Every structure is written in structure tokens, then in C-alpha cells.
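*Asks:* Once you've had a glance at the structure underneath, I'll fire off some questions.
Please treat every number below as a calculation from the coordinates, not as lab data. Quantities reported herein were computed from a predicted structural model and do not represent experimental measurements.
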Amino acid sequence: MYAVVDIAGQQFKVEENATYYVPKLNTEVNKSVTFDNILLFSDGKSTSIGTPSVKGIKVKAKVLEHLKDDKVIVFKKKRRKSYRVKNGHRQQLSRIEITNISASKSKAAEKENE
């Protein structure tokens, strides 16, 4: 079972009991967060594609920690002009663990009727 989730403007293919690094979330450590913007859901038998999102599916995750990514160096130079600029950037990330991918009862009832 997996789902494609939109988290902070980026799409992630998530599975249960897996950890992911996502852009920093405004949630405290060891708190759970629920994502409801599901773009695709597959339970192994059938696949549901959202237009634009799949209704009735929720992904629950637990925030494990907040951290910074490796430093990216940005170096600009114009030759023969004595122009050199060096900047660095570290993106802030959150490490989350997907605890549950659940379909609501209405979604399960729709699958039985098909």
C-alpha cells in the first residue's frame, strides 16, 4: 500500500513505517501530523488517481526531528572583472515517519460497490 502525497508543495511517494526528509513542518517533535492532499492511492489491488486529490484518504505521520541539510555553496565569478561572490545555504528539513495510511469508511464502501 502506498500513496503520493503533496507535502509543502513537493510530491512524495510514501509507504507505512518508512521515514522521509521533507521541508520543515511547523509541528513540534514527537507530535503527529495528518496529510489529506493525496494525489494517488494504491492498495495493491486497485489504484485511485485524484482530480486533483483523492477524497477519503488520510496519511498520518509522526515528526521525529528537525534538522538542516548539507551546505550548498553558491559561487559567482566574472572573469577579468575582480568580481567573486561566495554564498552558502542550508535547507531546513523535518524527518517524519509515516505511521498510517487509511481510507475512510465511505472510500471502502465505494470499493465494495464497484
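*Asks:* Using the Cα atoms of the range 1-106, I'd like the radius of gyration and the largest Cα-Cα distance, Dmax, both in angstrom.
*Replies:* Computed over the Cα atoms of the range 1-106, radius of gyration and Dmax are 18.8, 68 Å.
*Asks:* Going through the cross-link list LYS24/LYS76; LYS31/LYS55; LYS24/LYS71, which pairs have a Cα-Cα distance over 21 Å in this structure?
*Replies:* Pairs exceeding 21 Å: LYS24/LYS76; LYS31/LYS55.
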